[in-house]
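Comments concern the structure below.
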Amino acid sequence: MTYQEAVDYILEIPKFTKKNPLEHTKEFLRFLGNPEQCFRVIHVAGTNGKGSVCAYLDAMLRAEGKSTGLFISPHLVKVNERIVINGTPITDTSFLEVFQTVMEAVQRMEDEGRQHPTFFEMLFGMAVTAFAQTGVEYAVLETGLGGRLDATNVVEHPVCSVITSIGMDHMEILGDTLDKIALEKAGILKPQVPVFYFESTDISDHVLEERAAQLEISCKKIGKNAFENLRIEHKNIAFSCTNAYYGNTPWLLHNTGLYQAENAMLALEVMQHLFGESGRPGMWRNALAQVTWEGRMEEILPGIYIDGAHNASAMERFAESVKAQGQHRKAVLFSAMQDKDYEGMAACLCRNLDADYYVVTEIPNSRAADARSLAEVFARYTRQPVVVRDSFMDAWDYLRIHQEGRRIYCLGSLYLAGMLKAMVEEEGIC
């Protein structure tokens, strides 16, 4: 079997499996020899910012001299991005080898009449197997969806749980109110495992604190006053921490998203808990400054940015970041999945972003929202031109021709961000 055949097999899994209960994931890991028990786990859930917090934690752990595994989702361009060992995505050769190891366990499961793992279970099983084989000391695990029923939640004894900002997303699965969604995220909390979370809303904060109280565990809220954004420079944001533990020197992130400072602050508080007085904040500072988190306010070409924002709360934070960059002409490329609240996203963009025009298009995906439906929604909230391009490539060509000194922001879906990034990389556009 080749690497590409392994990837194709994994991508086909959603067509013949359905969501399995956590007991199935536990069985799957038992067939694999429980590799998830071979390292210390930091478990991260939340609506927005999970991937960034995971990336920051991974970088700082490596700065402390620890070997690390990082499991994230989704990927932007290549599925290997989901399994990262010591800062580098798993190679094609290693991906194939771990896939074959896991498939042997899958075949034994099926021989005994058990269900095939889901797409996410399969990748999770591959990740923890690769981490165990490599002998990592720490693994940072990002939940795929929610928390309570997520496959990663089978890890019984993480060293800490982390909850990023909480907002409205995946309502058809997680619930249609903030308290319901927060309760799903709080499902990763476990007895004797401290939890760190970033201040979101009174409703979601109360849910997390109440659940922590029920479990009698330490619960630390990182408030919005824990840091201060100082300035935005070209491709960088500087912030300071109010806690003397981190010193007086400003911290620098290689990103212009205002929200990234809160993600970094949450990761810093986890690091302080783990390493205390033996921690080396100076090393953490250098590590954070070097993190490049793709698909999050990322400039892929001069004046063209991609961002993975795909819910209304993320759109609000995105708009704040764009405003903080100063006055400039701008345009928006937007696409979304049909199961997302794209009307809420469109309304937020039109209210908060004075774009010269909006281009809407359809991603080549069975779940994609129709471009004309998107256009109808945008037309309800703006008097600026709304340009419809059914073809993704036609939309891209239109933007390049009509850029005319504007900054172009492409958002609404991580699939869109990934497609744009892949296209730029493959074609070598400059």
Check: What's the number of the condition Tyr305 fails, among (1) open to solvent by 20 Å² or more (accessible area, probe 1.4 Å); (2) out of contact with any strand residue (DSSP E or B) (no Cβ under 6 Å at 6 or more places or on another chain)?
Finding: (2)
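Tell me, which helices (runs of 4 or more DSSP H) lie completely within the stretch 312-387 with 2 or more residues that are closer than 22 Å to Glu404 by Cα and open to solvent by less than 10 Å² (accessible area, probe 1.4 Å)? Quick ask: steps written out before the conclusion?
Details: elements: 312-324, 342-352, 371-381.
Those helices (runs of 4 or more DSSP H) span 312-324.
The rows are residues; the columns are (1) touching a strand residue (DSSP E or B) at 6+ places or on another chain (Cβ under 9 Å); (2) not in a helix (DSSP H, G or I).
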| site | (1), (2) |
| --- | --- |
| Glu5 | no, no |
| Glu12 | no, no |
| Thr17 | no, yes |
| Glu23 | no, no |
| Glu27 | no, no |
| Glu36 | yes, no |
| His43 | yes, yes |
Check: Tell me, which residue of the stretch 28-51 that is at pLDDT below 95 and polar (S, T, N, Q) is most open to solvent (accessible area, probe 1.4 Å)?
Finding: Asn48
Check: Looking at Leu145, Leu141, Leu96, which one is in contact (Cβ under 8 Å) with a residue 12 or more places away in the chain and open to solvent by less than 20 Å² (accessible area, probe 1.4 Å)?
Finding: Leu141
Item checked: Residue, nearest to Leu411 (Cα to Cα), within the stretch 355-372, restricted to residues that are touching a residue at least 24 places away in the same chain (Cβ under 8 Å) and more than 27 Å from the chain's Cα centre (by Cα) -> Tyr357
Item checked: Filtered residue count, the stretch 216-252, keeping only those that are in contact with a helix residue (DSSP H, G or I) (Cβ under 9 Å, 6 or more places away or on another chain) and of a type in the set (D, E, K, R) -> 4
Item checked: Filtered residue count, the stretch 152-208, keeping only those that are of a type outside the set (D, E, K, R) and more than 21 Å from the chain's Cα centre (by Cα) -> 9
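Looking at the stretch 1-59, which of the residues that are of a type in the set (D, E, K, R) and touching a residue at least 40 places away in the same chain (Cβ under 8 Å) is nearest to Gln290 (Cα to Cα)? Show your work before the answer.
Restricting attention to the stretch 1-59, the residues satisfying the condition of being of a type in the set (D, E, K, R) are 5, 8, 12, 15, 18-19, 23, 26-27, 30, 36, 40, 50, 58.
So of that shortlist, the ones also touching a residue at least 40 places away in the same chain (Cβ under 8 Å) come out as 18-19, 26-27, 36, 40, 50, 58.
Numbers: Lys18: 39, Lys19: 38, Lys26: 36, Glu27: 39, Glu36: 29, Arg40: 24, Lys50: 18, Asp58: 12 Å.
Of everything passing the filter in the stretch 1-59, Asp58 is nearest to Gln290 (Cα to Cα).
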Check: What do you reckon, is Asn229 under 27 Å from Lys180 (Cα atoms), at pLDDT below 95 and among the polar types (S, T, N, Q)?
Finding: no
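Only one residue in Ala422, Ala417 is exposed (fewer than 14 other Cβ atoms within 10 Å of the Cβ), in a helix (DSSP H, G or I) and of a type in the set (A, V, I, L, M). Which one? Write out each step before concluding.
Numbers: Ala417 fails: exposed (fewer than 14 other Cβ atoms within 10 Å of the Cβ).
Selected residue: Ala422, the only one of Ala422, Ala417 that is exposed (fewer than 14 other Cβ atoms within 10 Å of the Cβ), in a helix (DSSP H, G or I) and of a type in the set (A, V, I, L, M).
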Item checked: Residue pairs meeting the criteria (Cβ under 8 Å; at least 6 apart or on separate chains; first without any contact (Cβ under 8 Å) to a residue 40 or more places away in the chain, in the stretch 398-425; second open to solvent by less than 30 Å² (accessible area, probe 1.4 Å) and among the aromatic types (Phe, Trp, Tyr)) -> Met423/Trp396
Next item on the list: Quick one: which residue in Asp179, Asp169, Asp202 is touching a Ser or Thr at 6+ places or on another chain (Cβ under 8 Å), at pLDDT below 95 and open to solvent by 30 Å² or more (accessible area, probe 1.4 Å)?
Entry: Asp179
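Per-residue answers, yes or no, for (1) within 25 Å of Gly125 (Cα to Cα); (2) in contact with a Cys (Cβ under 9 Å, 6 or more places away or on another chain); (3) of a type outside the set (Ser, Thr, Tyr); (4) open to solvent by less than 50 Å² (accessible area, probe 1.4 Å):
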position: Ala151; (1), (2), (3), (4): yes, no, yes, yes
position: Val162; (1), (2), (3), (4): yes, yes, yes, yes
position: Ala212; (1), (2), (3), (4): no, yes, yes, yes
position: Ala226; (1), (2), (3), (4): no, yes, yes, yes
Check: Does Asn286 satisfy the condition of being farther than 25 Å from Glu425 by Cα, of a type in the set (S, T, N, Q) and either in contact with a strand residue (DSSP E or B) (Cβ under 6 Å, 6 or more places away or on another chain) or surrounded by fewer than 20 Cβ atoms within 10 Å (Cβ to Cβ) (or both)?
Finding: yes
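Considering Ile232, Ile217, Ile237, which residue is among the aliphatic types (A, V, I, L, M), free of Cβ contacts under 8 Å to residues at least 60 places away in the same chain, in contact with a Gly (Cβ under 9 Å, 6 or more places away or on another chain) and surrounded by 15 or more Cβ atoms within 10 Å (Cβ to Cβ)? Write out each step before concluding.
Numbers: Ile232 fails: free of Cβ contacts under 8 Å to residues at least 60 places away in the same chain; Ile217 fails: in contact with a Gly (Cβ under 9 Å, 6 or more places away or on another chain).
The conditions single out Ile237.
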Next item on the list: Filter the stretch 244-281 down to residues that are surrounded by 15 or more Cβ atoms within 10 Å (Cβ to Cβ), of a type outside the set (A, V, I, L, M, F, W, C) and not in a helix (DSSP H, G or I), then give me how many there are.
Entry: 6
Notebook entry, point to check: In the list Ala132, Ala105, Ala63, which residue meets the criterion of being open to solvent by 30 Å² or more (accessible area, probe 1.4 Å) and out of contact with any strand residue (DSSP E or B) (no Cβ under 8 Å at 6 or more places or on another chain)?
Noted result: Ala132
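The values are calculated or read from the model by the stated rules, or taken from the named source; none is laboratory data. Note that the structure is predicted; figures quoted are calculated from it, not measured. Because the Cβ atoms are built from the backbone with ideal geometry, glycine has one as well, and the counts that use them run over all protein chains shown. When the accessible area is computed, the model is the full protein with side chains, heavy atoms only, and any ligands, DNA or RNA have been set aside. Shrake-Rupley method; radii C 1.70, N 1.55, O 1.52, S 1.80 Å.
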